[in-house]
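Readers should treat all values here as calculations from the given coordinates under stated rules, not as data from a laboratory. Because the structure is predicted, anything quoted here is derived from the model rather than measured. Positions of Cβ are generated from backbone atoms using ideal geometry, with glycine treated the same way; all protein chains shown enter the neighbour counts.
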Amino acid sequence: MIRFEKAMEIFAWPFFRLIRIAHDIHRQNFNEQAVQISEILSVKTGGCSEDCAYCAQSIRNGTKMPKHPMLNLETVVSAAREARGRGASRFCMSASGRTPTSKEEFNAICNMVKEVKALGLETCATLGMINGEQAAQLKKSGLDYYNHNVDTSPDFYEKIVSTRIIDDRIKTIETVQDAGINVCCGGIVGMGETNEDRVKMLVLLANLKTPPKCVPLNKLVKIPGTRVDDSHPIDDFDFVRLIALARILMPRSYVKIAAGRNTFSDGIQALCMFAGANALFSSEKLLTVDNVRAGADKSLFERLGVTVELPNA
Ligand code: SAM
Ligand code: SF4
């Protein structure tokens, strides 16, 4: 059991000591020169009834985002094939919404999972809250990972979402784990929360019965019209500290730099990798927002001697 006070103490260590210790733990558990690459596709976009303060897809936010119903199977499989060609080992299918809305839509997603898996890719889905029966069906279809972020600390949660409580998220995470699917779960920083909130979020994840196999850290992408579009951004070095803390608290989890990576210089990204980040999203788009420039990662990896992992789930 990790105590919040201890985690806060680690977070506040002198910067170079913190990243050196995180790096040593990283080397003991992973190939320090390797990263795992995912791509993500929004298979259903917008029209969501939830009120997540940061999200472009909520009908309750004043955003002007194009929306579309569930994509057809061919479109998704062709996007996955292209992702594989660009070097991704995992393909994530994301659907807006509190929960899958109909049996028909859910079956369509299970078919996507089957076909994407057949391409030799690891599969990931993020569909909101699901029950045991749905988790079992996804597992049977070949789902390797389910993404379900807790997003922020339990204390700050009600400032960000009012249409559910954090325990609803945790229930889905445990349901997914009980079905034998790996969990990808992290959060967003830069929504007005304090460093204490950020550390509490990581402590919550580390103290789950089984810590997530993958921990994505998103830097808020400010969407005009959302309730957090004027919040203060996180300091780059605090972001590196959080990566290091995630590595120390969850030594065997993949730590992923997710949204907002295009705001970091190559130097900050390299520091994140040194501190224990070993997973990335590489597509030019992350759901509705811009991610990294095409070719930027290839050049960065070459300069750092970083290699890309093959699928192994
Ligand atoms: N509806 C599903 C859900 O809420 O789990 C899946 C889709 S949701 C868009 C996936 C994740 O993207 C969210 O949990 C959040 O962490 C991240 N996200 C969404 N909008 C973001 C933003 N503006 N900046 C950073 N991360 C964001
Ligand atoms: Fe809906 Fe997911 Fe966006 Fe929340 S994060 S508004 S649940 S799509």
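Name all residues of the range 90-130 having a backbone nitrogen under 20 Å from the label point set 7 Å from the Cα of Arg60 along its Cα→Cβ direction, giving them as ranges.
95-101, 127-130
Of Asn182, Val77, Gly128, which is farthest towards the positive pole of the chain's charge dipole, taken about the Cα centre with +1 and -1 on the beta-carbons of Lys, Arg and Asp, Glu respectively?
With unit charges placed on the Cβ atoms, the residue in question is Val77.
Return the Rg/Rh value of the range 57-146, two decimal places, where both radii are evaluated on C-alpha atoms and Rh is the Kirkwood radius.
That ratio equals 0.98.
May I ask which residue of Ala259, Ile59, Asn147 lies farthest towards the positive end of the charge dipole of the chain, with charges of +1 (Lys, Arg) and -1 (Asp, Glu) on Cβ and the Cα centre as origin?
Farthest along the dipole direction, towards plus: Asn147.
Treating only the Cβ of Lys, Arg, Asp and Glu as charged (+1, +1, -1, -1), what charge dipole size does the range 10-92 show about its Cα centre? Round to the nearest 20 debye.
Value, rounded to 20: 100 debye.
Just from its helices, what would the mean residue ellipticity at 222 nm be for the chain, if runs of 4 or more DSSP H residues each count -39500 (n - 2.57) and the sum is divided by every residue, rounded to the nearest 500 deg cm²/dmol?
Calculated from helices alone, the mean residue ellipticity at 222 nm is -12000 deg cm²/dmol.
Rounded if a/c is under 1.5, else prolate if a/b beats b/c, else oblate: with a ≥ b ≥ c from the C-alpha gyration tensor eigenvalues square-rooted, which is the chain?
rounded
Run through the range 121-213 and list the GluC sites (Glu not before Pro) located in a DSSP loop whose Cβ has at most 10 other Cβ atoms within 10 Å.
Those that pass, being in a loop and sparsely packed, number zero.
Count charges around Pro69 for me, please; just the other residues with Cβ under 12 Å from its Cβ, Lys/Arg as +1, Asp/Glu as -1.
0
Among Gly190, Gly85, Gly97, determine the one that fluctuates most according to a GNM of the chain built with springs between C-alpha atoms less than 10 Å apart.
Gly85
Name the long-range amide H neighbours of Thr126: under 5 Å, sequence gap of 5 or more, or other chain; modelled H, no Pro or chain starts.
Hits under the 5 Å cutoff: Met93, Ser94, Ala95, Asn147.
Which one of Ser42, Ser265, Ser96 has the biggest mean-square fluctuation once the chain is modelled by GNM with Cα springs under 10 Å?
Result for the chain, Cα springs under 10 Å: Ser265 fluctuates most.
With +1 assigned to the C-beta of every Lys and Arg and -1 to the C-beta of every Asp and Glu, and no other charges, what is the dipole magnitude of the chain about the Cα centre in debye, to the nearest 20?
The calculation lands at about 400 debye.
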